[in-house]
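So the structure is just underneath, and the comments pick up after that.
The values are calculated or read from the model by the stated rules, or taken from the named source; none is laboratory data. The shown structure was predicted, so the numbers you read here are calculated from the model rather than taken from an experiment. Note: accessible area is taken over every heavy atom of the protein model, side chains too, but ligands, DNA and RNA are not part of it. Shrake-Rupley method; radii C 1.70, N 1.55, O 1.52, S 1.80 Å.
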Amino acid sequence: MSAPVTPRRKRRNLQSERKARCHRLYSSDDVIKLYGISRNTLRNWIAAGLAFIDGEVRLFRGKDLNAFHARRRQRASGAPLPPFMANCFGCKGAHSLIDGEISIDPGRSSGMFRASTPCPDTGVRANRYVCSEEVDMIRKLREANPGRETRD
Ligand SMILES: [Zn+2]
């Protein structure tokens, strides 16, 4: 069975990197419903590197789904976007949680944290809710980031 490639479908359907919930497990049907995709698209995602747990029923981790879409968006935009950005209500932009000053506080639900960084333009804090695995990743990336700014 060769995969038919329809030349009409040129447009890449990029999905939100925040749609899935970090700690949730999704069945194939859940994933299809969540993103409004076909079974074929899900097969393509798996072929493109979407991680899953292989068992009696195939399961997908929310954080793997989000990471997969974050990678795709990053590649599509061509810009080396840092993997962790916080949405800012002050300037309507996004600020990196890898550079500059951040704080990490416990979130409203257990296992969730609020990472925040002050907006350089407006001073309001840009927040992003992350799970403990993401907190670890942020910490690692900050340690590995050679261009990290230090406060005077
Ligand atoms: Zn801002």
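Remarks
- Tail fraction, Cα-Cα pairs, the range 25-77, threshold 17 Å, whole percent: 29
- The residues of the range 85-144 present an accessible area of 56 Å² per residue when probed at 1.4 Å with all protein chains retained.
- Accessible area per residue in Å² at 1.4 Å probe, computed on the range 25-77: 57
- Ligands, DNA and RNA left out, the 1.4 Å accessible surface of the range 35-126 is 52% carbon and sulfur atoms.
- Backbone amide hydrogens, once placed in the peptide plane, bring Met112 within less than 5 Å of Gly107, excluding anything fewer than 5 places away on its chain.
- To the nearest 10, the accessible area of Leu34 is 50 Å² with a 1.4 Å probe.
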